[in-house]
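The structure under discussion appears below in the form of structure tokens.
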Amino acid sequence: MLTTIFTPFPYLETERLSLWQMELSDAPDILALRSDPRVNEYIDRKPTSSIEEAEAFIKLINSAMEKGESLFWAVADRQTNKFLGTICLWNIDHETDKVELGYELIYEAQGKGYMLEAVPKVIDFAWQRMGAKEIEAVIVEGNERSINLVDRLSFTFKNKDGNIMYYTLQRPS
Ligand SMILES: CC(C)(COP(=O)(O)OP(=O)(O)OC[C@H]1O[C@@H](n2cnc3c(N)ncnc32)[C@H](O)[C@@H]1OP(=O)(O)O)[C@@H](O)C(=O)NCCC(=O)NCCS
């Protein structure tokens, strides 16, 4: 059984970044991120279109975390606190101890190595604090930036179903 409820919220830090829990005041940043067609290109979701929708999303995320259904971090510049994106662990499978990894950066923050820096911290968290044994990344074919990221983090390609590709990382023994 994985550990999925953390109180207080597990704040994380890397050299350039801080990873914290979203609050309703982050709604304008969430709206900007999730309404940008450049960010949404390979993500199957309805674009967020209002502050109210962004607030509802943040409430949903925080309530899912209270129930232990997922973990969701805002990624920000450690010095300026500027919001850069999000990382989540979700689709938690207690039978196989597998979790799915999700991540996205505002367009202006891409190509700077931020996810390459933040995701390993979240991976360590999944192994050490949650007790996960496998992390899966589900990527739409053609999302080269996302494929490059998981390749650089040593995920291996598992299988393809239509245009959906499954990558996996196993906990080091
Ligand atoms: C997927 C996504 C997070 C990848 O973003 P990214 O910025 O390419 O990811 P990384 O953090 O791995 O950055 C690596 C890039 O930064 C560059 N870089 C610049 N400075 C760097 C530094 N200090 N350290 C490391 N890399 C650096 C690297 O060269 C690399 O660029 P390249 O791929 O052109 O060689 C981003 O494209 C995104 O948010 N896409 C939209 C949402 C999405 O599709 N999410 C994934 C769904 S599966």
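Rule-based calculations on the coordinates, nothing more; no lab input. None of the values given here were measured: they were computed from a predicted structure. Methodologically, a virtual Cβ is constructed for each residue, glycine included, from the backbone with ideal geometry; neighbour enumeration extends over all protein chains shown.
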Quiz item: Helix-derived [θ] at 222 nm for the chain: sum -39500 (n - 2.57) over DSSP H runs of at least 4, divide by residue count, nearest 500?
Solution: -8500 deg cm²/dmol
Quiz item: Computed over the Cα atoms, what is the radius of gyration of region 12-170 divided by 2.2 N^0.38 Å, N being its residue count?
Solution: 1.00
Self-check item: Per-residue Cβ neighbour rank within 10 angstrom, fewest leading, TRP20, TRP90
Solution: TRP90, TRP20
Quiz prompt | Gap separating the Cα centres of region 94-140 and region 17-75, nearest whole Å | solution = 16 Å
Quiz prompt | Under 19 Å from the ALA56 label point (7 Å along Cα→beta-carbon), backbone N, region 13-43 | solution = 23-36
Quiz prompt | Inter-probe distance in nm under a simple model that places probes 7 Å from Cα toward Cβ, at THR168 and GLU69 | solution = 2.6 nm
Practice problem: Note the full-extension length gain between ARG45 and ARG152 as 0.36 nm times their separation in residues minus their Cα-Cα distance, in nm to one decimal. | Solution: 35.9 nm
Quiz item: Hey, with R₀ at 22 Å, roughly what FRET efficiency would GLU95 and PHE6 work out to, going by the Cβ-Cβ distance, to 0.05?
Solution: 0.55
Quiz item: Considering only Cα-Cα distances, which of the following residue pairs are longer than 29 Å: LYS59/LYS82; LYS82/LYS133; LYS59/LYS160; LYS112/LYS158; LYS82/LYS160; LYS46/LYS98?
Solution: LYS82/LYS133; LYS59/LYS160; LYS82/LYS160
Self-check item: Of the GluC sites (Glu not before Pro) in region 130-173, those whose Cβ has at most 13 other Cβ within 10 Å and which sit in DSSP loop
Solution: GLU141
